[in-house]
Amino acid sequence: MKPKIKGASNNAAVAATPKHLLQFAVDQRYDDYTSVDHAVWRFIMRQNIFFLREYAHKVYFQGLLDTGISFERIPRIQEMNDILAKIEWGAVAVDGFIPPAAFMEFQAYKVLVIACDMRQIHHIEYTPAPDIVHEAAGHAPIIVDREYSNYLQRFGEVGAKAMSSKKDFELYEAIRHLSILKEQPNSDPKEIEKATKLVEHRQKNLGKPSEMALLSRLHWWTVEYGLIGTMENPKIYGAGLLSSIGESVSCLEPHVKKIPYSIDAQNVPFDITTKQPQLFVCHDFKHLRDVLEEFARKMAYQVGGLEGINKAIECNNTATCEYSSGLQVSGVFTEVVVDAKNNPIYLHTTGKTALAFADKELSGHGIDYHKEGFGSPIGKWKETQIAEGKKAKLEFESGVTVEGKIDNILRHDDKLVLIRFSNCTAKFGDRVLFEPAWGTYDMAVGEKISSVFNGAADKDAYNQVALIPKERTIKVRSDAKRKRLENLYAQVRKIRESKTGYERLGEIWETQQAEHAEDWLLSMEIFEILDQTGGDQELKDRIEKFLNNKRASDRDKSVLIEWGFRLVKYHKQGVSAPAHAK
């Protein structure tokens with residue numbers, strides 16, 4: 001029985017997602033968002049719209065409208081699912097970065113994973129960890145474009161098949177750990193330095209990048225950090241840029257190198273925790289699909305053969321080899337025997353193995369039955385009469401021989417896929433591959449290995465528990481002082497939305513000054529209300545002076561305060577975001 005996912009009721013895409021993926025889903029815990037979180041969301045969204053109306057791909061604003069994302073408050077996953085269902089997509093909440101293979105497979109099922117943490121105010125420009133701004137305001141609006149959403153789903157299908165390695169997962173864990181530390185307020189600089197060095201070490205010692213590592217780069221340089229259009233005047237469509245008010249401004253400047261997008265982007269690594277020194281520009285969304293298919297044609301799941309089997313052995317993790325008959329063998333592959341011409345003629349798994357057809361486990365051939373591994377020939381055998389209950393000797397063109405009594409012949413779609421022998425011996429020259437004392441011999445049938453891909457064919461039946469990181473993202477708890485600040489933000493929000501209680505703004509600001517002098521965003525919100533209503537000019541002047549002093553003395557906040565003033569000024573002049581994006 002599948003786990004019930006909060007915030008996903010009546011969404012067909014989420015309902016179709018298999019249980020091995022839904023183990024990553026968490027409750028959004030919407031009520032845990034504070035009034036400060038909602039204020040940060042509001043500031044980012046309004047700043048983004050102001051800037052992106054000129055520099056984002058045209059579909060972005062229509063997408064904001066179609067996905068029903070509010071500028072005033074953080075969206076609920078349920079609300080997003082209700083809207084996304086109209087374009088046959090869905091969303092689930094997750095805890096920070098999830099492993100690339102799981103992320104890709106969610107995409108294949110047309111499900112966006114939404115990291116539900118909200119970036120802290122000290123990372124308002126750019127967050128080193130995925131958050132709901134990145135996911136909901138970055139990814140979701142662009143998928144209303146059908147050609148792009150098809151690309152995203154196709155990328156998920158390809159990515160879910162990509163071979164990965166244990167080193168990939170170790171690097172992922174190191175990056176996740178570093179992003180958590182960087183997002184945490186008051187992190188120990190020594191801890192961050194240590195975590196940074198670990199990421200660098202694992203990147204340098206990754207060895208030959210796996211299919212998943214290369215695909216992750218293509219994903220990063222398109223879905224996350226892609227530009228589209230001409231080299232002279234590209235537009236933004238990557239979610240990492242759309243959700244970063246700092247990087248969306250700086251990415252188009254000349255110091256960020258622009259490179260025509262091609263399959264060569266697979267050779268360019270990235271650093272997930274900092275701004276990017278170069279970006280790739282595609283012509284259009286069809287260009288993305290063309291490059292993806294060019295990459296996919298060389299992957300093990302399309303190539304198969306010895307190259308594919310070797311990739312399965314190298315990954316040292318659960319993978320699937322599919323015979324040309326359609327039979328699928330899932331397990332940890334440890335050996336392939338080759339003939340004099342270097343053709344694969346026999347394969348071995350070690351430990352729990354399962355057999356499937358069309359991604360559905362064959363009855364009686366799960367991991368409990370094949371718990372000690374599996375071995376079988378690959379190739380044609382010479383013409384031989386076979387029948388259940390009769391002895392037979394199969395002589396393969398490769399030189400492998402299989403001799404014993406046939407207990408059962410299994411066909412699927414009129415194709416012979418599996419033969420069960422008793423009292424069986426399998427040999428290749430002098431090497432004994434199977435002997436009668438080992439028990440029943442189940443022999444896969446197929447002239448070649450046509451496909452090799454990551455994970456089990458039937459993951460749910462295989463009980464494949466994805467590698468879920470043990471370290472959780474850090475939830476910043478509010479102490480008494482922080483709660484008082486949150487209360488002030490809530491009061492200002494109520495005044496702005498109800499359009500009453502303006503006389504209390506002075507008292508609120510004085511309290512903020514006395515107890516939370518480091519805060520600037522609340523002052524900007526009060527300043528904006530006073531500017532719009534023409535209220536208390538003396539108070540407005542005092543707040544403006546405070547913000548200008550803060551801008552002059554605090555370099556980190558200087559640009560943000562300047563942007564805040566810019567937004568107030570343009571709203572006063574009647575200049576706002578395009579009407580359809582409000």
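Within region 6-26, the set of residues being over 19 Å from the mean Cα position of the chain (by Cα) and open to solvent by less than 10 Å² (accessible area, probe 1.4 Å) comprises just one member, Asn11. Of all residues in region 290-302, those satisfying the criterion of being touching a residue at least 12 places away in the same chain (Cβ under 8 Å) and open to solvent by 60 Å² or more (accessible area, probe 1.4 Å) are Glu294, Gln302.
Applying the condition of being open to solvent by less than 30 Å² (accessible area, probe 1.4 Å) and among the polar types (S, T, N, Q) to region 308-364 and asking which residue is farthest from Glu157 (Cα to Cα) yields Thr349. State all residues of region 368-393 that are buried (at least 16 other Cβ atoms within 10 Å of the Cβ), free of Cβ contacts under 8 Å to residues at least 40 places away in the same chain and of a type outside the set (Ser, Thr, Tyr); if no residue qualifies, say none. Selection gives Trp381, Ala392.
Yes or no, residue by residue, for (1) over 24 Å from Ser498 (Cα atoms); (2) assigned to a helix (DSSP H, G or I):
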residue: Thr511; (1), (2): no, yes
residue: Glu518; (1), (2): yes, no
residue: Ile526; (1), (2): no, yes
residue: Ile529; (1), (2): no, yes
residue: Lys540; (1), (2): no, yes
residue: Phe546; (1), (2): yes, yes
residue: Arg551; (1), (2): yes, yes
residue: Asp556; (1), (2): yes, yes
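Residues that are touching a helix residue (DSSP H, G or I) at 6+ places or on another chain (Cβ under 8 Å), among the acidic types (Asp, Glu) and farther than 21 Å from Trp563 by Cβ within region 515-539 comprise Glu515, Asp536, listed in sequence order. Here region 27-42 is the region considered, the condition is being out of contact with any helix residue (DSSP H, G or I) (no Cβ under 6 Å at 6 or more places or on another chain) and buried (at least 20 other Cβ atoms within 10 Å of the Cβ), and the residue that is farthest from Glu528 (Cα to Cα) is Asp37.
Could you say which residue among Ala115, Ala108 is aliphatic (A, V, I, L, M), more than 22 Å from Glu147 (Cβ to Cβ) and under 21 Å from the mean Cα position of the chain (by Cα)?
Numbers: Ala108 fails: more than 22 Å from Glu147 (Cβ to Cβ).
That would be Ala115, the only listed residue that is aliphatic (A, V, I, L, M), more than 22 Å from Glu147 (Cβ to Cβ) and under 21 Å from the mean Cα position of the chain (by Cα).
Of Asp413, Asp430, Asp460, all but one fail to be open to solvent by 70 Å² or more (accessible area, probe 1.4 Å), closer than 18 Å to Lys360 by Cβ and of a type in the set (D, E, K, R); the exception is Asp413.
Might you check whether a residue that is in a loop (DSSP other than H, G, I, E, B), of a type in the set (D, E, K, R) and without any contact (Cβ under 8 Å) to a residue 12 or more places away in the chain occurs anywhere in region 1-12? Checked region 1-12: at least one residue is in a loop (DSSP other than H, G, I, E, B), of a type in the set (D, E, K, R) and without any contact (Cβ under 8 Å) to a residue 12 or more places away in the chain. Taken together, Ala162, Ala101, Ala56 contain a single residue that is open to solvent by 20 Å² or more (accessible area, probe 1.4 Å), more than 30 Å from Ser478 (Cβ to Cβ) and of a type outside the set (Phe, Trp, Tyr), which is Ala101. The set of residues from region 298-346 being assigned to a loop (DSSP other than H, G, I, E, B), touching a strand residue (DSSP E or B) at 6+ places or on another chain (Cβ under 9 Å) and aliphatic (A, V, I, L, M) comprises just one member, Met299. The number of residues in region 161-178 being under 16 Å from Trp220 (Cα atoms) and not in a loop (DSSP other than H, G, I, E, B) comes to 5. In region 72-91 there is at least one residue matching the filter, namely being in a strand (DSSP E or B), touching a strand residue (DSSP E or B) at 6+ places or on another chain (Cβ under 9 Å) and open to solvent by less than 30 Å² (accessible area, probe 1.4 Å).
Conditions (1) at pLDDT below 95; (2) in contact with a Ser or Thr (Cβ under 9 Å, 6 or more places away or on another chain); (3) open to solvent by 50 Å² or more (accessible area, probe 1.4 Å), marked per residue:
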position: Leu505; (1), (2), (3): no, no, no
position: Gln512; (1), (2), (3): no, yes, no
position: Leu521; (1), (2), (3): no, no, no
position: Glu525; (1), (2), (3): no, no, no
position: Thr533; (1), (2), (3): yes, no, yes
position: Asp541; (1), (2), (3): no, no, yes
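For region 347-368, the set of residues classified as within 34 Å of the chain's Cα centre (by Cα) and part of a loop (DSSP other than H, G, I, E, B) consists of Ala358, Asp359, Leu362, Ser363, His365, Gly366, Ile367, Asp368, listed by residue number.
Can you pull out the residues in region 141-159 that are in a helix (DSSP H, G or I) and either among the hydroxyl-bearing types (Ser, Thr, Tyr) or open to solvent by 10 Å² or more (accessible area, probe 1.4 Å) (or both)?
Arg146, Glu147, Tyr148, Ser149, Asn150, Tyr151, Gln153, Arg154, Glu157
The values are calculated or read from the model by the stated rules, or taken from the named source; none is laboratory data. Predicted model, so just to flag it, every value in this text is computed and none were measured. Glycine also receives a Cβ, built like all others from the backbone with ideal geometry; neighbour counts cover every protein chain displayed. Ligands, DNA and RNA are stripped out before the accessible areas are found, and what is left, the full protein with its side chains, is counted by its heavy atoms. Shrake-Rupley method; radii C 1.70, N 1.55, O 1.52, S 1.80 Å.
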